[in-house]
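The values are calculated or read from the model by the stated rules, or taken from the named source; none is laboratory data. These numbers were taken from a predicted model, which means no experiment stands behind them. Cβ atoms come from the backbone with ideal geometry, glycine included; neighbour counts cover every protein chain shown. SASA here: full protein model, heavy atoms, side chains in, ligands and nucleic acids out. Shrake-Rupley method; radii C 1.70, N 1.55, O 1.52, S 1.80 Å.
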Amino acid sequence: MVQLIVGNKGKGKTKQLLDRVNSEIKEISGNIVYLDKSTKHMYELNNKVRLIDVSQFLIENSSEFVGFVCGILSQDHDLQQMYFDSFLKISHLEDQDIIATIEKLERLSKAFDVNFILSISKDADELPAELKDKVIISL
């Protein structure tokens, strides 16, 4: 399933994401991957969480980003959750329609039984109607 943590910049989405990751790592038996735009939060994450700095991988558009996610999924059959901090930035979807990419992530989630939790720098009322039911935290 795809879940969204939404709110404008500076509202505390990253803190919510980090708190969630660090509590989930104690509960689940599989692996967790955390995608971010830098390694800034490396020391705030439990050392069992794999942090990937997406900016290092020359991703230029949302299609390449989805391919990158597929590559991660193909390499780890024990993967249970993926967290995407600054989703719009790392997926190159700032000021673009996000529905198609989130639908692809939803299909991948079902196919590989992996949950995706995304932080999106938008208010809940700025999201398309199709995505409002995916919001778990609105700041």
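Around the Cα centre of the range 11-93, unit charges on the Cβ atoms of Lys, Arg, Asp and Glu (plus for the first two, minus for the last two) sum to a dipole of about 320 debye. Please give the Cα centre distance for the range 114-139 versus the range 27-54, rounded to the nearest Å. The range 114-139 and the range 27-54 have Cα centres spaced 21 Å from each other. Scanning the chain for GluC sites (Glu not before Pro) in DSSP loops with at most 15 neighbouring Cβ atoms within 10 Å leaves 1-59 as the longest stretch between them. Average accessible surface for the chain: 55 Å² per residue, computed with a 1.4 Å probe over protein heavy atoms with every protein chain in place. The portion of the accessible surface of the range 19-66 made up by carbon and sulfur, rounded to a whole percent, is 44 (1.4 Å probe; DNA, RNA and ligands excluded).
Placing +1 on the Cβ of every Lys and Arg and -1 on the Cβ of every Asp and Glu, with nothing else charged, gives the chain a dipole about its Cα centre of roughly 360 debye.
Structural descriptor for the chain: relative contact order 42 percent, calculated from alpha carbon pairs under 8 angstrom and at least 6 residues apart.
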